[in-house]
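This report concerns only the one structure given below.
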Amino acid sequence: MDAPQIFHRNAVIDGLNIACREAGEPGSPKLVLLPGFPASSHQYRNLIPALADRFHVIAPDYPGFGNSDMPDPASFACTFDKLADVTEAFLKDRGFDRYGLFVQDYGGPVCFRLITRNPDALDWLVVQNSNAYEIGFTKAWDGFRRALWKNRSAENEAALAAFLEHGAIKTIYLYGAKNPELISPDNWKSDFGFMERPNARRVQLDLFYDYRKNVELDPKWQAFLMARQPKTIVFWGRNDLFFTPEGGEAYLNDLPNAEMHRLDAGYFAAEDSLNEIAEGMHRCYSEKVVGKVAPPFTLESAARKVQLAEDAWNSREPERVALSYSPDSEWRNRTDFIRGRKEIVAFLKRKWAKELDYRLKKTLWGFRENRIAVSFEYEWRDAGGQWYRSYGNELWEFDDEGLMRRRLASINDAEIAESDRHIF
């Protein structure tokens, strides 16, 4: 299979050019990666292709970060509320209405604002060293909590401005890393280069001060997590300069069913724990979010697979149906030969534009290892009002993740009277 392509795109939001990295098929489950200080979507340059075979991934750069425009602090409120506003509008512009969220550091406060405004937008949650608990702050925060947040003076700002210099940014990446050789110097050189832009340090200092409001909102966000219980996986670098191991463990108090991965890593854990994070996300999504039904099949799991397929097809939602098939899935449907999710979605749109009031019933015929045989019938009418019952057989073959990689379908149609319908 070809390596996923990463596209560098942008959209104009509130008069600012907002940049992003994007990869994966539009019909795949949507996943948003929100970056942390002092980085941008660049921090996900390796994680994105590791996820794009399964997900439609997007990672935006906040205003003033990465390749997005630098706002003028005199006219643009550099707050976490504003970052969330811009991110929300950006995702809407890109067609991301429901999605999973991967959050690191600043990504958490932005994420929690988004999902408390619109809880139904959240499909699942991945937390990587993004703190929401009092116990999660290390002593590195003393200059914020005991000085700047109590008195925003030039003197207190100057003390924290040291975090914006080249040496400090490099330390943030390397501190606590088990395998520092895996961490590219491009990270801190890129971040520091962006920090040299006019107004960049002012934007960062404004956010340093505004972070105090996140702490005030933490109890609200904790209550939200406890009430909603989103499917969650936590990857926590236990050697973080900014956030304690206890901050990661605290999520389990509100999300007892969350999956916890304790990593021998630092703040940017995806730099040297990439494989564990990517593989864990793939497995968690399959098993906990969609409910993985994978070979080798039993009578029970094969029957469940058939029922899931029936439910999906009866939704008449092409994008939803396509998610059950591997990205390079091959079909023979009557005389049509189809390959890949994009072609599957296009085929189903044509099919259901023609086959109106479609209703399907599938029956398990047989199974063995990674294959299932199915008989089915469905009823539909054409635009002129003539009803049909279509009969057929399918042979299915699945990959190790339970995604269908081959579908062979033979179908015959018979005209029926509307009074003869029996599938409702």
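Here, each number is a calculation from the coordinates, and none is a lab measurement. Just so we're clear, the structure is a prediction, and the values are computed from it rather than from any experiment. When we count neighbours, we look across all protein chains shown, and the Cβ atoms used for this are built from the backbone with ideal geometry, even at glycine.
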Least to most buried among TRP236, TRP124, by other C-beta atoms within 10 Å and fewest first, runs TRP124, TRP236
Spelling it out for HIS56: with amide H atoms placed in the peptide plane at 1.01 Å from N, the residues 5 or more places away or on another chain with amide H under 5 Å from its amide H are SER28, LYS30, LEU31
With x for Gly and Pro, the residue-by-residue ³J(HN,Hα) of the stretch 350-355, computed from phi through the Karplus equation 6.51 cos²θ - 1.76 cosθ + 1.60 at θ = phi - 60° and given in whole Hz, is 5, 4, 7, 6, 8, 8
When ASP120, ASP97 are arranged by how many other beta-carbons sit within 10 Å of their Cβ, fewest first, they go ASP120, ASP97
With a Förster distance of 35 angstrom and the Cβ-Cβ distance between ALA312 and GLU276, calculated FRET efficiency to the nearest 0.05 equals 0.70
The aspartates and glutamates whose Cα lies under 14 Å from the Cα of LYS178, excluding any fewer than 8 residues away in the same chain, are ASP240, ASP264, GLU271, ASP272, GLU276
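Could you give the dipole magnitude of the stretch 299-420 about its Cα centre, charging the beta-carbon of Lys and Arg +1 and that of Asp and Glu -1, in debye to the nearest 20?
On the way: 23 positive and 24 negative charges, 53 e Å.
The dipole magnitude comes to about 260 debye.
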The answer for ARG359, listing residues at least 5 apart or on another chain whose modeled amide H is closer than 5 Å to its amide H, is GLU379
Here the stretch 143-157 yields Karplus 3J(HN,Hα) values (6.51, -1.76, 1.60; θ = phi - 60°; whole Hz; Gly and Pro given as x) of x, 7, 6, 9, 10, 4, 5, 8, 8, 7, 9, 4, 5, 5, 5
As straight-line cross-link partners of LYS361, the qualifying aspartates and glutamates (C-alpha separation under 13 Å, not fewer than 8 residues apart within one chain) are GLU310, ASP311, GLU377, GLU379, GLU394
Karplus ³J(HN,Hα) for the stretch 393-408 (6.51 cos²θ - 1.76 cosθ + 1.60, θ = phi - 60°; Hz, whole; x = Gly/Pro) runs 10, 10, 10, 10, 10, 10, 8, 5, 8, x, 8, 6, 9, 9, 9, 10
At the level of C-alpha centres, the distance separating the stretch 87-139 and the stretch 13-30, in angstrom, is 16 Å
Restricting to lysines and to Cα separations under 27 Å from LYS220, and discarding same-chain partners fewer than 8 apart, the set is LYS30, LYS82, LYS92, LYS139, LYS150, LYS231, LYS288
Given backbone amide H placed at 1.01 Å from N, residues whose amide H is under 5 Å from that of HIS261, ignoring those fewer than 5 places away on the same chain, are VAL234, PHE235, TRP236
Given a Förster distance of 56 Å, the FRET efficiency implied by the Cβ-Cβ spacing of ARG152 and LEU356, rounded to the nearest 0.05, works out to 0.30
P(r) of the stretch 46-101 over all Cα-Cα pairs, 5 Å bins starting at 0, rounded to whole percent, reads 4, 16, 23, 22, 18, 10, 5, 2, 0
Computed D for the chain, Stokes-Einstein, Kirkwood radius over alpha-carbon pairs, 37 °C, 0.692 mPa s, to the nearest µm² per second, is 139 µm²/s
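Can you give the FRET efficiency for ARG228 and THR79, using 1/(1 + (r/R0)^6), R0 = 22 Å, r = Cβ-Cβ distance, to the nearest 0.05?
Details: r = 25 Å, r/R0 = 1.12.
E between ARG228 and THR79, to the nearest 0.05, is 0.35.
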So for the stretch 285-411, using the alpha carbon gyration tensor with a ≥ b ≥ c as root eigenvalues (a/c under 1.5 gives rounded; past that, a/b versus b/c decides prolate or oblate), I'd call it prolate
In nanometres, the difference between 0.36 nm per residue of separation and the alpha-carbon distance of ASP97 and ASP400 is 106.2 nm
